Each structure stands twice: as structure tokens, then as C-alpha cells.
1. Quick one: residue 144 ticks every box in (1) under 14 Å from residue 13 (Cα atoms); (2) assigned by TED's automatic domain parsing to the domain that holds residue 27 bar one, so which box is it?
2. Residue 239 passes all but one of (1) of a type in the set (Ser, Thr, Tyr); (2) at negative phi; (3) at pLDDT 85 or above; which number fails?
3. Look at region 115-126 and say how many of its residues are part of a loop (DSSP other than H, G, I, E, B) and either in contact with a helix residue (DSSP H, G or I) (Cβ under 8 Å, 6 or more places away or on another chain) or acidic (Asp, Glu) (or both).
4. Name the single residue that is surrounded by the fewest Cβ atoms within 10 Å (Cβ to Cβ) among those in region 85-108 being under 11 Å from residue 123 (Cα atoms) and under 16 Å from the mean Cα position of the chain (by Cα).
5. With (1) at pLDDT 95 or above; (2) within 16 Å of residue 268 (Cα to Cα); (3) not β-branched (Val, Ile, Thr) as the list, and residue 102 as the residue in question, which single condition is left unmet?
6. Just checking, does region 170-191 include any residue being touching a residue at least 60 places away in the same chain (Cβ under 8 Å) and within 13 Å of residue 266 (Cα to Cα)?
7. For region 171-194, enumerate the residues that are surrounded by 15 or more Cβ atoms within 10 Å (Cβ to Cβ) and either farther than 18 Å from residue 157 by Cβ or at pLDDT 95 or above (or both).
8. Do you know which residues across region 127-153 are surrounded by fewer than 19 Cβ atoms within 10 Å (Cβ to Cβ) and assigned to a helix (DSSP H, G or I)?
Amino acid sequence: MKNLLLLVHDDDGQEARLQAALDLARAFDGHLNCVDVAILPVLDTDPWSGGAGTAMLLTEEKAREAANRTEIERRLTQEGVAWTWFEATGEIAPCLAKAAALNDLIILNRRLDGLPIPDMHAATAELVVKSGKPVLAVPEKMRGLSVAGRALVAWDGSTEAERALCAAVPLLAKASHVQVLEIEDGSTVGSASDAATYLSRHGIHVVVRAEKGTNRSVAETLLAGIAADRSDYLVMGAYGHSRFAEAIFGGVTKRLLDESPVPLFLVH
């Protein structure tokens with residue numbers, strides 16, 4: 001995980017993203033690729049304005065981001081990590097997707113609890129599905145990622161779970177404790193012991209725990225597992241069902257993006 005793509009934008013989740021990115025950069029001697037996005041305002045629908053309102057809002061947004069850049073660059077020069085700065089104008093997900101090609105991980109928030117703009121939940125979901133890259137989605141109030149801490153891996157044998165497990169190997173290799181949690185609800189298609197064997201060949205020794213199907217949902221079981229194991233982050237395959245289905249009927253990924261108290265390492 002040498003190339004880390006970091007969303008820079010002056011919002012309530014920025015400090016959490018930055019602290020997680022710095023911790024990863026130090027742990028992996030990595031490089032931060034900072035994409036500072038000036039978000040396009042909602043289009044002015046008044047036909048008599050000639051777009052003046054939209055232009056004014058965009059000018060204000062760019063001014064805020066210019067001031068934000070000055071402050072973040074000042075901090076980065078003191079942090080002892082390598083970084084490059086890029087600027088973009090538009091929506092978060094397309095701007096980061098365009099920059100994602102030669103990066104190992106995208107760092108975002110799982111959601112923001114304040115104003116509806118930016119819609120970080122939607123941007124993170126879109127990037128998980130469309131970028132082809134792992135996404136680290138951090139809680140808004142988090143201050144730092146415990147790279148050498150306790151990792152929980154959600155396992156159901158799905159293609160998404162396999163991809164998440166494989167992509168997370170460099171991170172899991174630095175963890176002090178790794179638990180693979182298998183929820184036996186009748187949908188599991190592969191054994192957690194296979195996942196443990198795979199990780200052991202990378203020098204990662206894990207504890208496997210199986211949870212029998214109960215009246216709790218899979219999401220509730222994972223949230224309980226995070227608390228019981230005192231996990232510092234969760235590795236999971238994302239959107240095993242379509243995003244449309246999750247939006248309409250609810251789903252594990254959506255619930256975790258809404259409620260997880262720890263960072264989520266997500267791969268579709």
C-alpha cells in the first residue's frame with residue numbers, strides 16, 4: 001500500500017481522513033496523492049439569472065478550498081511523509097475515480113452526520129463499486145488508524161469476501177491480532193479455514209470464530225463482533241447484492257456504512 005489516494009475537502013470528515021492517511025503512509029512508507037475537490041454546487045435553475053448564482057457559489061467553494069489547501073499543505077510539510085497535490089472540480093466520486101488508476105487504496109469517510117452535502121455515503125458506495133480499488137471508509141470523528149491493532153475479517157466465502165481478504169493482506173500483516181468471523185446463516189459458500197490457511201501462507205496467523213445464525217442480522221452480528229473483539233478496523237466484501245437492492249431493502253454494507261464505529265476496508 002504505497003500509493004494512497006486521499007480526498008481533500010473542507011468538511012467535517014477531513015481530519016479523520018487525513019489522520020488515517022498519515023498513519024498508513026508512515027506504516028508503509030507510502031505516498032499520499034491528495035485530490036482536492038471543489039464540489040460543483042446545485043445548478044441554478046432560474047432562467048433569468050444566466051447561471052450567476054451557480055457561478056458565485058462555485059467561486060466561494062474554490063476560495064474555501066484554496067484556503068484549505070494552504071492549511072493542509074502546511075501540515076503535510078511537518079508530517080514527514082511524501083505527498084503530491086491534485087485539484088479537481090466536480091462531484092467527489094467521479095473526481096476520485098479518475099485519479100484512482102495507479103493507487104492502492106482510496107481513503108474516504110463512511111458517511112458524514114452533518115449537512116447533506118457532500119453526500120459521503122453515496123460517494124463511498126459509488127467508488128467501492130466502480131473504482132475497482134479498495135476503499136478505507138473512516139468514521140467522521142475518528143482520529144488515527146491503529147495499523148498495528150486488532151483486525152476483524154468478515155467471511156462468507158463470496159467473491160467479494162475473497163477479494164477483500166486478498167487486498168487487505170499488507171494491512172493484516174501489520175496487525176497484532178486478526179480474527180476471521182464466519183456467520184453461518186446458510187449462505188456461506190466457503191470455509192473460513194480456507195481463508196485462515198491462505199493468510200497463514202502470508203505469515204498471518206488468525207483466530208477463526210464461527211457464529212451460528214440467530215435472530216440478529218448479519219450486520220448486527222458484525223457490529224457485535226467489532227465490540228466483542230475490540231477491533232480497530234473491519235475488512236469485508238462490499239455489496240454482495242446490487243446497490244439498488246441494498247438501497248431498497250437494506251443490506252450489510254449500507255448498515256455498516258451508516259453505523260460502524262471503526263474504519264471499514266471495503267472491496268467489491
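The values are calculated or read from the model by the stated rules, or taken from the named source; none is laboratory data. What you see is a predicted model, and the numbers here were worked out from it, not measured in a lab. Counting neighbours? That spans all protein chains shown, and the Cβs are built from the backbone with ideal geometry, glycine included.
1. Among (1) under 14 Å from residue 13 (Cα atoms); (2) assigned by TED's automatic domain parsing to the domain that holds residue 27, the lone unmet condition for residue 144 is (2).
2. Against the list (1) of a type in the set (Ser, Thr, Tyr); (2) at negative phi; (3) at pLDDT 85 or above, residue 239 comes up short only on (2).
3. Looking only at that region, the number is 2.
4. By that ranking, first place goes to 94.
5. It fails just one condition, (2).
6. Within region 170-191, one or more residues are touching a residue at least 60 places away in the same chain (Cβ under 8 Å) and within 13 Å of residue 266 (Cα to Cα).
7. Those that are surrounded by 15 or more Cβ atoms within 10 Å (Cβ to Cβ) and either farther than 18 Å from residue 157 by Cβ or at pLDDT 95 or above (or both): 171, 172, 174, 175, 177, 178, 179, 180, 181.
8. Matches in region 127-153: 129, 130.
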